[in-house]
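The values are calculated or read from the model by the stated rules, or taken from the named source; none is laboratory data. These numbers were taken from a predicted model, which means no experiment stands behind them. Because the Cβ atoms are built from the backbone with ideal geometry, glycine has one as well, and the counts that use them run over all protein chains shown.
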Amino acid sequence: MAKMTFPCLALAGALLIPSVPMAAPSTSQFSLGVGFAWSPSPYRSYDNKAWPLPVANYEGERFFIRGVGVGMRLWRDEGNELSLVVSPIGNRFRHDDTDDTRLRRLSDRDISGQLGVQWRSRGT
């Protein structure tokens, strides 16, 4: 059986699972869809995998969801915004996914996250 490559998976996801608005189209503040995450492994002989991820967008007065990240606005004026944000880091590794004996001795790593401060500016 042939392996599906990342571009094939991304195209299938984009065509088959479009973003679905959860409210009336003209007033929608929330949308939900599916995306795919993939990054090349730093190890040779390791099978990279594409992972389906829920992708949401919501803009509230204080809280927001943008893609896979979540945030809280700390300060906002007409053209600037300072927020506290949390998002995942997909550096996952499973030693069972490789046939290389050296890589099989490494420990498994799970998906982790990052916390940061974000400043956005809208030019006028």
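Residue pairs whose Cβ atoms lie under 9 Å apart, separated by 6 or more positions or on different chains, with the first residue in region 89-100 and at negative phi and in a loop (DSSP other than H, G, I, E, B) and the second modelled with pLDDT of 80 or more and basic (Lys, Arg), are Asn91/Arg109; Arg92/Arg109; Arg94/Arg109. Taken over region 4-54, residues that are under 20 Å from Gly67 (Cα atoms) and at pLDDT 50 or above amount to 19. Counting the residues of region 104-124 that are at pLDDT below 90 and among the β-branched types (Val, Ile, Thr) gives 2. Within region 55-70, none of the residues are aromatic (Phe, Trp, Tyr), surrounded by 14 or more Cβ atoms within 10 Å (Cβ to Cβ) and modelled with pLDDT under 85.
Selection of region 82-103 for residues being surrounded by 12 or more Cβ atoms within 10 Å (Cβ to Cβ) and either more than 25 Å from the chain's Cα centre (by Cα) or modelled with pLDDT under 95 (or both) yields Ser87, Pro88, Gly90, Asn91, Arg92, Phe93, Arg94, His95, Asp97, Thr98, Asp100, Leu103. All of Arg62, Arg105, Arg76, Arg66 fail the test of being closer than 23 Å to Ser41 by Cα and among the basic types (Lys, Arg), apart from Arg105.
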